[in-house]
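Colleague: To start, I am sharing the structure in question, which I have written as structure tokens.
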Amino acid sequence: MELPTKVQIIEVGPRDGFQIEPAFIPTEQKIRIINKLSETGLRRIEATSFVHPKAIPQLADAAEVMAGITRKEGVSYMALVPNVKGVDRALQAAVEEINLVVSASESHNKNNMNMSIAESLKAFREAAKIALGNGMRITGSIGTAFGCPFEGRVPPRKVEEIAQELLAMGVHEVCLADTTGMANPSQVIGLVSRLRHQFKDVEFRLHFHNTRGAGMANVLAALFEGITIFDGSIGGLGGCPYAPGATGNIPTEDMVHMLESMGIDTGIDLPKLVDCAKMVQELLGRELPGQVMKAGTVPWLTKSRQTDE
């Protein structure tokens, strides 16, 4: 099996990571972190979420964050939105790209969005129409695609049906999210293979949590299935406020280190990314799960990546 030679890494820490923090992170600190991430070579950063402030108070400053960041040319600053109102707020904040998230399990979608899956998809149809009409790029994300904390296994057929609904709305890519870190490599291969066979021309993106330590193994499994777009969260921040036990995402810097060590180009300056992780750890005042910022890079890996002859 051949591996891709190049992949795209999407940073979701400023949204997925900060939303679960117990204390509100000051707006100016969020802006500082996003600006620093913008200098690493990342091309897509999920900066915030335009959900109701009562639902996610940690991101109640979404508009202020988007207004305060220094937008670097070539970088897309994304936001999660739940409905038409969220799209309107994102448009006012000059967001270029939105993420529409629906769960593959009814129980989790009810807990996360306070709606049934059918109700979420109905809300998304109008939201997508407005977004596309204003030139926005849309990701359609399917949460709990590999398992639900309330219902257990999620049938691949259900994920396939939701993907079909999202694609009919005109989304540009479909993200499969392992919301609570239940996936294993065999399961990843099975689901990704099935969906790529069914939807041959669709870009799929994978979002893994490292809740049970399988995050990097799942990335490798997805690579073997031809996936070239992955989410990461700086320092390993992250989790879902509405899913018990949903601990952090894969640390972006650890994933970049693994990929670059394997000869896969990410286009990211790893030392700068590690500096970002250290800055976030210092800001939060606690040890984060990321390992590369503790151990350092392997000796033969440099910014330009040297390979043994």
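The values are calculated or read from the model by the stated rules, or taken from the named source; none is laboratory data. All values reported here derive from a predicted model rather than from experimental measurement. Cβ sites come from the backbone with ideal geometry, for glycine too, and all protein chains shown count toward neighbours.
Colleague: If you check Arg205 against the conditions, is it farther than 19 Å from Asn109 by Cα, in a helix (DSSP H, G or I), basic (Lys, Arg) and in contact with an Asp or Glu (Cβ under 8 Å, 6 or more places away or on another chain)? Outline the logic, then answer.
Modeller: Values: farther than 19 Å from Asn109 by Cα: yes; in a helix (DSSP H, G or I): no; basic (Lys, Arg): yes; in contact with an Asp or Glu (Cβ under 8 Å, 6 or more places away or on another chain): yes.
Answer is no for this residue.
Colleague: Tally up the residues in the stretch 145-192 that are among the acidic types (Asp, Glu) and within 19 Å of Gly232 (Cβ to Cβ), please. Spell out how you get there, then give the answer.
Modeller: Of the residues in the stretch 145-192, the ones among the acidic types (Asp, Glu) are 151, 160-161, 165, 173, 178.
Those still in the list that are within 19 Å of Gly232 (Cβ to Cβ) too: 173, 178.
Residues that pass the stated criteria total 2.
Colleague: So the check is Cβ under 6 Å with 6+ separation or different chains; which pairs have a first residue in the stretch 43-54 that's surrounded by fewer than 21 Cβ atoms within 10 Å (Cβ to Cβ) and a second one that's at pLDDT 95 or above and part of a loop (DSSP other than H, G, I, E, B)?
Modeller: Arg43/Val75; Pro53/Ala60
Colleague: Condition first: more than 13 Å from Ser120 (Cα to Cα) and touching a helix residue (DSSP H, G or I) at 6+ places or on another chain (Cβ under 6 Å). Now tell me which residues in the stretch 164-173 satisfy that. I'd like the intermediate steps shown before the answer.
Modeller: Applying the first criterion (more than 13 Å from Ser120 (Cα to Cα)) to the stretch 164-173 yields 164, 167-168, 170-173.
Gly170, the sole residue that qualifies.
Colleague: Of everything in the stretch 1-17, what is within 17 Å of Met66 (Cα to Cα) and at pLDDT 95 or above? Give them in sequence order. First the steps, then the outcome.
Modeller: Our first condition is that a residue be within 17 Å of Met66 (Cα to Cα); within the stretch 1-17, this holds for 11-17.
Glu11, Val12, Gly13, Pro14, Arg15 - these are the residues of the stretch 1-17 that are within 17 Å of Met66 (Cα to Cα) and at pLDDT 95 or above.
Colleague: Show me the strands (runs of 3 or more DSSP E) found entirely inside the stretch 85-198 where at least 2 residues are surrounded by 24 or more Cβ atoms within 10 Å (Cβ to Cβ), free of Cβ contacts under 8 Å to residues at least 60 places away in the same chain and within 20 Å of the chain's Cα centre (by Cα). It would help to see each step written out before you state the result.
Modeller: Values: elements: 97-103, 137-143, 173-178.
By residue number, 137-143, 173-178.
Colleague: Looking only at residues in the stretch 1-20 that are out of contact with any Leu (no Cβ under 7 Å at 6 or more places or on another chain) and part of a loop (DSSP other than H, G, I, E, B), which one is surrounded by the most Cβ atoms within 10 Å (Cβ to Cβ)?
Modeller: Step by step, filter the stretch 1-20, then rank; the result is Val12.
Colleague: Scan the stretch 160-181 and give yes if some residue there is within 21 Å of Tyr77 (Cβ to Cβ) and touching a His at 6+ places or on another chain (Cβ under 8 Å), otherwise no.
Modeller: The answer is yes, given that some residue of the stretch 160-181 is within 21 Å of Tyr77 (Cβ to Cβ) and touching a His at 6+ places or on another chain (Cβ under 8 Å).
Colleague: Looking at (1) in contact (Cβ under 8 Å) with a residue 40 or more places away in the chain; (2) at negative phi, which is the only condition Met66 fails?
Modeller: (1)
Colleague: Here are Glu39, Glu73, Glu46: which of them is within 15 Å of Met279 (Cβ to Cβ), at pLDDT 95 or above and either outside any helix (DSSP H, G or I) or of a type in the set (Val, Ile, Thr) (or both)? Steps first, please.
Modeller: Numbers: Glu73 fails: within 15 Å of Met279 (Cβ to Cβ); Glu46 fails: within 15 Å of Met279 (Cβ to Cβ).
Exactly one residue qualifies, and that residue is Glu39.
Colleague: So, one more: Of all residues in the stretch 75-84, which are surrounded by fewer than 22 Cβ atoms within 10 Å (Cβ to Cβ) and among the hydroxyl-bearing types (Ser, Thr, Tyr)?
Modeller: Ser76
Colleague: How many of the residues in the stretch 7-58 are among the aliphatic types (A, V, I, L, M) and touching a helix residue (DSSP H, G or I) at 6+ places or on another chain (Cβ under 7 Å)?
Modeller: First, pick out the residues of the stretch 7-58 that are among the aliphatic types (A, V, I, L, M): 7, 9-10, 12, 20, 23, 25, 31, 33-34, 37, 42, 45, 47, 51, 55-56.
Subset that is touching a helix residue (DSSP H, G or I) at 6+ places or on another chain (Cβ under 7 Å): 7, 9, 25, 31, 33-34, 37, 45, 47, 51, 56.
So the answer is 11.
Colleague: What single numbered condition from (1) at pLDDT 95 or above; (2) surrounded by 20 or more Cβ atoms within 10 Å (Cβ to Cβ); (3) not basic (Lys, Arg) fails to hold for Leu237?
Modeller: Going through (1) at pLDDT 95 or above; (2) surrounded by 20 or more Cβ atoms within 10 Å (Cβ to Cβ); (3) not basic (Lys, Arg) one by one, Leu237 breaks only (1).
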